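Bear in mind these aren't lab numbers, they're just calculated from the coordinates by the rules spelled out. Remember, predicted model here, so these are calculated numbers, not experimental data. No Cβ is skipped: glycine too gets one built from the backbone with ideal geometry, and neighbour counts run over all protein chains shown.
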Amino acid sequence: MRVTTPLRAAFAATSLTLALVACGSVDATQPKESDQVEHTDDISAGVQPDPAAVKLLPEAVKAKGRISVAMDLSSPPTTFMATDNKTPIGFNPDMARLIAAKLGVKLQIDNVKFDTIIPGLQGNRFDFTATTMGATEERLKVLDMVNYFQNGTGVAVPKGNPQKLAVHELCGHRVGVQSGTTAEIKWLPQLNEKDCTSKGKPAITGVTLPSVNDSLTQLSSKRLDAVMYDFTSLSWTAKRQPTVLEVLPERVVSAKVNVALPKGSALTPAIQAAIQSIIDSPKYAEALDRWGFQGLGIETAAMAVPLGQ
């Protein structure tokens with residue numbers, strides 16, 4: 001476990017016992033009640049390469065005929081494993097498969113911890129990542145990032161919200177975040193400074209854990225008061241565990257999220273063109289709909305700008 005600075009805590013990580021499988025939701029930005037299947041089929045079956053995107057492929061990639069994508073397969077409904085424990089499913093695997101299909105190449109999916117993805121990209125161990133990554137100024141110094149849908153950051157609390165917490169009322173409480181996420185890097189420290197320390201209130205105790213599963217486990221065992229993470233994933237879990245936790249209705253932030261590649265990658269123009277081709281096709285709406293992401297689509301696969309701009 002790694003602890004944020006200056007936020008402090010010392011709790012041991014434990015394994016998640018909550019079942020994380022398909023769920024429903026209460027509004028158009030969360031998984032629908034009817035979406036109760038795993039969707040293990042290949043959404044890219046029958047999708048033809050886009051000549052304009054293929055034309056942008058580097059010759060080395062054309063010769064290899066394969067691209068690799070890094071994902072942390074622990075965050076339903078965007079990025080996780082099916083119950084067979086071998087099939088990557090979720091919106092992000094769907095988009096990665098569609099990107100490869102539009103480029104006319106095969107896809108290799110590498111399951112790695114979120115906080116090792118950027119070093120892996122910098123070390124050329126992977127070609128790109130599609131793992132719900134926000135664009136911070138620090139990330140944009142070492143990565144090319146391309147918008148592909150919208151998401152947000154939310155806060156989960158125990159069912160019934162016994163401490164009556166709110167997004168801007170977390171001072172003096174223990175809040176879990178996943179290592180390497182924008183919740184850890186940006187949003188929790190920002191809330192801590194604006195809502196708490198600058199007003200003379202007790203600081204938020206940020207507890208950084210390897211995965212959101214670890215945070216949710218500690219929430220259920222009352223070692224955490226709240227968890228800050230992707231709104232879609234928290235809502236997904238809350239729907240499957242309605243007696244255990246709930247998600248506060250207000251979001252910490254809503255923002256576009258991005259596919260990322262090493263800075264200056266020769267593959268970036270082709271990936272960007274492939275994403276735009278997907279957005280312009282019926283497959284984009286299909287991918288969004290089958291994970292309950294209605295209302296989270298975008299129109300342009302633009303190069304990312306830093307969050308907050």
Tell me the net charge near residue 244. Cut-off is 12 Å between Cβ atoms, residue 244 excluded, with +1 for each Lys or Arg and -1 for each Asp or Glu.
+3
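Of all DSSP beta bridges in the chain, what percent run antiparallel (nearest 5)?
DSSP beta bridges in the chain are roughly 60 percent antiparallel.
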If each DSSP helix of 4+ residues adds -39,500 (n - 2.57) and the sum is divided by the residues in the chain, what number results at 222 nm, nearest 500 deg cm²/dmol?
-6500 deg cm²/dmol
How large is the translational diffusion coefficient of the range 189-309 in µm² per second when you combine the Kirkwood radius over alpha carbon pairs with Stokes-Einstein at 37 °C and 0.692 mPa s?
186 µm²/s
From the gyration tensor of the Cα coordinates in the chain, what semi-axes in whole Å does the equivalent ellipsoid have, largest first, with each one equal to sqrt(5λ)?
33, 21, 17
In whole angstrom, the spacing between the Cα centers of the range 102-142 and the range 233-275 equals 14 Å
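Quick check: net charge around residue 266, other residues with Cβ under 11 Å of its Cβ, Lys/Arg +1 and Asp/Glu -1?
-3
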Hey, which of these cross-link pairs are over 28 Å Cα-Cα: 141/283; 239/283; 86/113; 86/164; 159/283?
141/283; 86/164; 159/283
Environment charge at residue 87 (Cβ cut-off 14 Å; Lys +1, Arg +1, Asp -1, Glu -1):
-3
Determine the gain in length on full extension of the stretch residue 281-residue 169; use 0.36 nm per residue of separation and subtract their C-alpha separation, reporting nm with one decimal.
36.1 nm
